[in-house]
Amino acid sequence: MKNRVSALLDSWNIEHRIERDKFILKGSKLRICLPQTDEDIAYLLGFLCGDGCLGKPQPRNRISGFRFKINICFSGSERGRTQAKNIYTIFKRLFDYEPRVFERKRKGRKDWLEVEINSVVIYAYFILLGLPMGEKYGKLNVPSVVLTETLFKKFLQGLTDSDGHVRKDHRVVIVQKDKNFLDQVRETCLRFLDIKFSVPRPNIKRVGDKTYTWYYIVTLSRFTD
């Protein structure tokens with residue numbers, strides 16, 4: 001993975017060097033570690049497929065080059081704050097990198113939190129693990145690196161923590177805009193975990209003069225583990 005990330009950075013004309021397995025960019029004091037694909041990475045991949053985004057690279061102000069950001073959104077509730085703290089801790093431990101955390105407010109809407117990872121090295125790492133750059137809709141796939149029973153279980157946990165919930169009847173619901181991605185999740189759950197989900201069902205909402213369509217899948221039996 002180290003060599004693949006280095007090659008991708010070269011293709012983006014990002015000057016860097018590697019010292020003791022840590023990436024250092026020209027003009028930066030940060031030293032970024034790249035972890036092996038373990039359960040924590042599988043969990044992050046699931047969470048990023050839900051409430052995360054590898055934004056389209058944006059031109060920097062005043063200096064040349066582009067800014068590569070990963071943003072993850074959380075509700076302003078106690079649960080959301082706990083999740084944000086957990087994601088922050090995982091990134092700090094695995095990558096030796098401290099994300100920025102912002103409180104976001106919009107008039108007439110609920111407050112939320114945003115965790116921002118402003119590192120092209122970490123951005124490239126997740127691109128190579130299979131996450132799409134920019135708009136996710138129609139591009140999401142279950143990453144091939146999580147296709148084992150242990151890792152997919154953690155991926156599913158991350159996806160459920162971000163885009164799902166457990167109902168009062170102990171059935172798991174996952175909600176997504178991308179129907180094809182939900183089909184992949186459903187099939188992979190059956191293959192590796194023997195967990196059966198329903199086929200994706202539409203959830204259509206009309207707000208003002210706009211219509212929004214989301215899809216959801218539900219476990220066909222109670223979730224006990």
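Whole Å is fine, so just give me how far the alpha carbon centre of region 126-169 lies from that of region 13-82. Region 126-169 and region 13-82 have Cα centres spaced 17 Å from each other.
Estimated from helices alone, the mean residue ellipticity of the chain at 222 nm is -11500 deg cm²/dmol (sum of -39500 (n - 2.57) over DSSP H runs with n ≥ 4, per residue).
For region 64-120, the spread of Cα positions along the three principal axes, ordered from largest to smallest, is 37, 29, 10 Å. In terms of surrounding Cβ atoms within a 10 Å radius of their Cβ, Ser221, Ser144, Ser75 rank from fewest to most as Ser144, Ser221, Ser75. For Lys2, a cut-off of 16 angstrom between C-alpha atoms picks up these lysines, skipping any fewer than 8 places away in its own chain: Lys22. In region 1-125, the convex hull through the Cα atoms has an average projected area of 8.7 nm², a quarter of its surface area. In this rough spin-label picture, where each label sits 7 Å from Cα along the Cβ direction, the Asp183-Val207 distance is 2.7 nm. Within the same chain, lysines fewer than 8 places from Lys29 are excluded, and of the rest, those with a Cα less than 16 Å from its Cα are Lys92. Counted by neighbouring Cβ atoms within 10 Å, the residues Val166, Val115 run from fewest to most as Val166, Val115. In terms of Cα atoms, the Rg and Dmax of region 138-225 work out to 13.4, 45 Å.
Read-outs: derived from the displayed coordinates by stated rules, not from any lab. Keep in mind that what you see is a predicted model, and the values were worked out from it rather than measured. Note: ideal-geometry Cβ built from the backbone for every residue, glycine included; neighbour counts use all protein chains shown.
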